[in-house]
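Where a number appears in this text, it was derived from the coordinates with a stated rule and is not lab data. Bear in mind the structure is a predicted one, so any value in this text is a computation, not a measurement. As a convention, Cβ positions derive from the backbone with ideal geometry for all residues, glycine included, and neighbour counts pool all protein chains shown.
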Amino acid sequence: MNLILMGPPGAGKGTQAQRLEKTHSIVQLSTGDMLRAVVASGSDLGKQFKDVMDSGGLVSDDMIIAMISSRIDQDDCKNGFILDGFPRTTPQAEALDVMLEEKQLKIEHVIEMKVDDDAMVARITGRYTCAGCSAGYHDEFQKPETEGVCDQCGTGEFTRRDDDNAETVRSRLQAYHDQTAPILGYYKEKGIMKSVDGMAAIDYVTDQLNAILG
Ligand code: AP5
């Protein structure tokens with residue numbers, strides 16, 4: 001099963017993708033995570049990506065499309081994948097269709113996580129991630145069971161993203177509405193678009209997704 005999770009920054013795409021990975025034995029393909037790995041490598045390309053990401057803008061379509069195409073070819077995607085953060089522009093959505101046809105694959109579900117922009121700044125500025133296993137947490141909404149210790153791997157080191165500040169979030173939300181939201185219509189026309197209430201509690205959002213995915 002292959003699916004796309006759509007929604008603005010902070011909608012809960014990553015949070016839910018990590019859960020669906022386990023319950024449906026499919027892999028999360030987050031273009032944001034892939035870009036952050038290149039940034040962490042310290043390469044010249046990584047420095048270019050970092051400048052764009054810190055501004056809240058989007059990395060060029062060509063780079064992203066090539067990156068996701070080679071990732072889908074890897075063995076761990078054979079059972080299915082969750083696209084998280086891709087496609088983000090109409091050219092990316094069109095390129096995905098061509099790419100999947102060539103690979104004889106298809107997307108079964110596109111799910112929009114409907115949220116209020118106003119709540120997204122608090123979600124994003126409170127987010128942090130386990131440095132050991134990348135499990136996601138929030139200062140208020142998703143705390144580890146024991147404070148300062150990751151539930152999944154037990155380490156006590158956490159990181160926060162450079163672009164998770166209020167100013168950059170507003171630019172990212174603007175980029176979403178200008179460049180990504182128009183794709184929703186593209187998928188509605190194809191008849192594979194569904195939506196869930198992303199403002200609900202995290203567990204209830206998972207229930208809504210599982211009801212769609214079966
Ligand atoms: P990316 O990493 O994709 O970030 P994003 O789309 O801005 O999404 P986020 O990761 O911020 O949000 P999320 O929906 O995953 O929320 P999460 O589950 O963590 O992209 C970063 C940058 O990379 C872009 O700005 C761009 O520059 C570049 N980029 C990436 N892809 C690209 C592409 N295809 N083309 C071009 N450029 C690209 O949740 C957030 C917090 O809220 C968490 O702390 C969580 O615990 C909490 N939370 C989640 N759900 C709930 C809930 N239901 N109730 C309460 N709290 C919740």
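Could you please find all residues in the range 95-119 being over 13 Å from residue 15 (Cβ atoms) and within 9 Å of the ligand (Cβ to nearest atom)? Once the filter is applied, which keeps residues that are over 13 Å from residue 15 (Cβ atoms) and within 9 Å of the ligand (Cβ to nearest atom), the range 95-119 yields only 119.
Filtering the range 1-41 to residues that are within 7 Å of the ligand (Cβ to nearest atom) and among the polar types (S, T, N, Q) leaves 15, 16, 30, 31. Filter the helices (runs of 4 or more DSSP H) completely within the range 161-214 down to those with at least 1 residues that are near the ligand (Cβ under 9 Å from one of its atoms), within 17 Å of the chain's Cα centre (by Cα) and within 30 Å of residue 51 (Cβ to Cβ). In the range 161-214, 166-175 are the helices (runs of 4 or more DSSP H) which contain 1 or more residues that are near the ligand (Cβ under 9 Å from one of its atoms), within 17 Å of the chain's Cα centre (by Cα) and within 30 Å of residue 51 (Cβ to Cβ).
Residues are listed down the side, and each one gets a yes or a no for (1) crowded, with 16+ Cβ neighbours inside 10 Å; (2) more than 15 Å from the chain's Cα centre (by Cα); (3) touching a residue at least 12 places away in the same chain (Cβ under 8 Å):
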{"position": "30", "(1), (2), (3)": "yes, no, yes"}
{"position": "60", "(1), (2), (3)": "no, yes, no"}
{"position": "66", "(1), (2), (3)": "no, yes, no"}
{"position": "73", "(1), (2), (3)": "no, yes, yes"}
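Taking the criterion of being aromatic (Phe, Trp, Tyr) and either free of Cβ contacts under 8 Å to residues at least 40 places away in the same chain or touching a Phe, Trp or Tyr at 6+ places or on another chain (Cβ under 7 Å) (or both), no residue of the range 165-201 qualifies.
Only a single item in (1) surrounded by 12 or more Cβ atoms within 10 Å (Cβ to Cβ); (2) at positive phi; (3) not hydroxyl-bearing (Ser, Thr, Tyr) is not met by residue 153, and it is number (2).
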